[in-house]
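Novice: Quick one: the structure is below, and I'll ask about it shortly.
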2 protein chains.
Amino acid sequence: MANITIFGTGNMGTAIGTVFAAGGHSVQHIDSDTSDQTVSGDIVVLAVPYAAIASIAADRADQLAGKIIVDISNPVNFETFDGLTVATDGSAAAELAAALPQSQVLKAFNTNFAATLATGKVGDDITTVLVAGDDAEAKAAFTAAATAGMTVKVIDAGSLKRARELEAMGFLQITLAAGEKISWTSGFAVIA
Amino acid sequence: MANITIFGTGNMGTAIGTVFAAGGHSVQHIDSDTSDQTVSGDIVVLAVPYAAIASIAADRADQLAGKIIVDISNPVNFETFDGLTVATDGSAAAELAAALPQSQVLKAFNTNFAATLATGKVGDDITTVLVAGDDAEAKAAFTAAATAGMTVKVIDAGSLKRARELEAMGFLQITLAAGEKISWTSGFAVIA
């Protein structure tokens, strides 16, 4: 059993919680009402909006040291809805990794809509989580924890540099749903 | 019935030909052996490697004027296999649109592996072509032509600027297949 901490109790934080709880893991949720709690998890999921990540990283860098930190954000520019707010050759995950040099930062869940994590299905296909990161051991621990409940699959999408492509894909999926081309309960499936 | 010209007779050019042929359209194929042919199609698909696009655009700009030009390329940097060769805030499609100001450039098919276009299936899901472009009429004509045979679905992914995200997604899909995380006969499905 792994200890998981999830920042955020919105749709994504809740759905990601169900994925880990299905595997029998202990899940700690921290939100703005419980922000005095100390992080107990070895895997810490930041299921908060992109804008909230930097302050969590700054405030908790010591607590997060040595842990696996999972960035799920899609840093969409909501003013223009026509691009991302991060550097065009970078990613939110790369920014987080720079802010937390003593943590192992992974990108995951950002290409999954909350409903597909809660149900484990994208249409008739099992929901697949794409994970990117530079530390193979951290990716293996994350994958074992996320798949223990067998509600989702996890595919290793490569180094943390691939977060750029994952964030592009996440943004594209959001624009398709916002434009009513797809629903918020389906989206991109990954067929192995 | 639409007249379609496809540059390239490789896996992609052949598979895309079957999609249009299924709709009863006339399909002209042009490859290096038949490069003296004049383009007869109103919709012209450049099913050639990224590196070959610039010279076709330069040589045929007059012939391609007024036509719908479909860029299917994934401008992968095959030396590093760690990124794209185009500007990080741009796309191959944007480059092509700049080279062919009198044509209507669309991005499409670059997130579909050839086998999924030939069979019309990604796993058990119907193959979905994502198309991006700035001209609504061109997208509508392309969509009508590509879906007439009912072997694939087409979803409008927005303006040509979204080609950046489509190319990121295409690149990611290629890296997953090259890394044997997914097969070349499946990949990303789009569930509406």
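Novice: For region B:117-128, name all the residues that are in a loop (DSSP other than H, G, I, E, B), within 15 Å of A:VAL122 (Cβ to Cβ) and among the hydroxyl-bearing types (Ser, Thr, Tyr).
Specialist: none
Novice: Ok, one more. Scanning region B:112-128 for residues that are open to solvent by less than 10 Å² (accessible area, probe 1.4 Å) and more than 17 Å from A:ILE182 (Cβ to Cβ), which turns out nearest to the other protein chains (Cβ to nearest Cβ)?
Specialist: The residue in question is B:THR116.
Novice: Among the residues of region B:129-171, which ones are in a loop (DSSP other than H, G, I, E, B) and either over 24 Å from B:ALA21 (Cβ atoms) or within 14 Å of chain A (Cβ to nearest Cβ) (or both)?
Specialist: The answer is B:ASP134, B:ASP135, B:ALA157, B:GLY158, B:SER159.
Novice: Any chance region B:168-181 includes a residue that's of a type in the set (Lys, Arg) and within 14 Å of the chain's Cα centre (by Cα)?
Specialist: no
Novice: Considering only residues that are in contact with a helix residue (DSSP H, G or I) (Cβ under 8 Å, 6 or more places away or on another chain) and farther than 25 Å from A:GLY170 by Cβ, look in region B:136-184 and name the one that is most open to solvent (accessible area, probe 1.4 Å).
Specialist: Among those residues, the one meeting the criterion is B:MET150.
Novice: Now, a different point. State all residues of region B:57-75 that are within 28 Å of A:GLU165 (Cα to Cα) and open to solvent by 10 Å² or more (accessible area, probe 1.4 Å); if no residue qualifies, say none.
Specialist: Selection gives B:ILE68, B:ILE72, B:ASN74.
Novice: Mind listing whichever residues of region B:179-189 are within 10 Å of chain A (Cβ to nearest Cβ) and either in contact (Cβ under 8 Å) with a residue 24 or more places away in the chain or within 15 Å of A:GLU167 (Cβ to Cβ) (or both)?
Specialist: Scanning region B:179-189 gives B:THR185, B:SER186, B:GLY187, B:PHE188, B:ALA189.
Novice: Here's something else I'd like to know. Look through region A:1-44, keep the residues that are under 22 Å from A:ALA144 (Cβ atoms) and modelled with pLDDT under 95, and return whichever of them is farthest from the chain's Cα centre (by Cα).
Specialist: A:MET1
The values are calculated or read from the model by the stated rules, or taken from the named source; none is laboratory data. What you see is a predicted model, and the numbers here were worked out from it, not measured in a lab. Methodologically, a virtual Cβ is constructed for each residue, glycine included, from the backbone with ideal geometry; neighbour enumeration extends over all protein chains shown. Ligands, DNA and RNA are stripped out before the accessible areas are found, and what is left, the full protein with its side chains, is counted by its heavy atoms. Shrake-Rupley method; radii C 1.70, N 1.55, O 1.52, S 1.80 Å.
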